[in-house]
Amino acid sequence: MRHPIEPITLADAAERLDVNRSTLGVWAHRYRARRLLRTGRSAYYDFWDLAAIELCLRTGRRVPTTAHERDELRQAA
């Protein structure tokens with residue numbers, strides 16, 4: 001199922017995914033999560049891209065290297 005892009009801050013995504021905000025920030029940087037917008041000090045990411053990264057790490061799978069590959073992974077599920 002293709003999810004529409006859902007802009008979200010790291011703090012809000014961390015709360016929804018039940019992970020530490022700083023951990024999610026490291027993952028977003030390390031796996032180059034899809035960043036949609038930066039306004040002032042706030043950055044907005046695609047929630048579903050962050051969720052795909054979190055799912056891979058939680059289940060011990062390799063995290064696909066690009067947001068496009070993560071989109072394909074989600075579509076196959």
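Each value in this text was obtained by applying a stated rule to the coordinates, not by laboratory testing. What you see is a predicted model; the values in this text were computed from it and never measured. Note that we place each Cβ from the backbone using ideal geometry, even for glycine, and neighbour counts take in every protein chain shown.
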Open item on the list: When the residues of the range 7-39 are narrowed to those that are closer than 15 Å to HIS68 by Cα and under 10 Å from the mean Cα position of the chain (by Cα), which ends up surrounded by the fewest Cβ atoms within 10 Å (Cβ to Cβ)?
Closed with: ARG32
Open item on the list: I'd like the full set of residues that are out of contact with any Asp or Glu (no Cβ under 7 Å at 6 or more places or on another chain), within 16 Å of ILE5 (Cβ to Cβ) and in a loop (DSSP other than H, G, I, E, B), limited to the range 33-77.
Closed with: THR66
Task: Filter result for ARG61 (surrounded by 15 or more Cβ atoms within 10 Å (Cβ to Cβ) and among the basic types (Lys, Arg)) - done: no
- [ ] Take the range 1-27 and flag every residue that is within 17 Å of ARG74 (Cβ to Cβ) and either part of a loop (DSSP other than H, G, I, E, B) or aliphatic (A, V, I, L, M) (or both).
- [x] MET1, ARG2, HIS3, PRO4, ILE5, GLU6, ILE8, ALA13, LEU17
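Quick check on the range 40-50: of everything there that is among the charged types (D, E, K, R) and touching a residue at least 12 places away in the same chain (Cβ under 8 Å), which residue is surrounded by the fewest Cβ atoms within 10 Å (Cβ to Cβ)? Explain how you work it out, then say what you get.
So in the range 40-50, the residues among the charged types (D, E, K, R) come out as 41, 46, 49.
Now narrow it down to the ones that are touching a residue at least 12 places away in the same chain (Cβ under 8 Å): 46, 49.
Numbers: ASP46: 22, ASP49: 27.
Top of the filtered list is ASP46.
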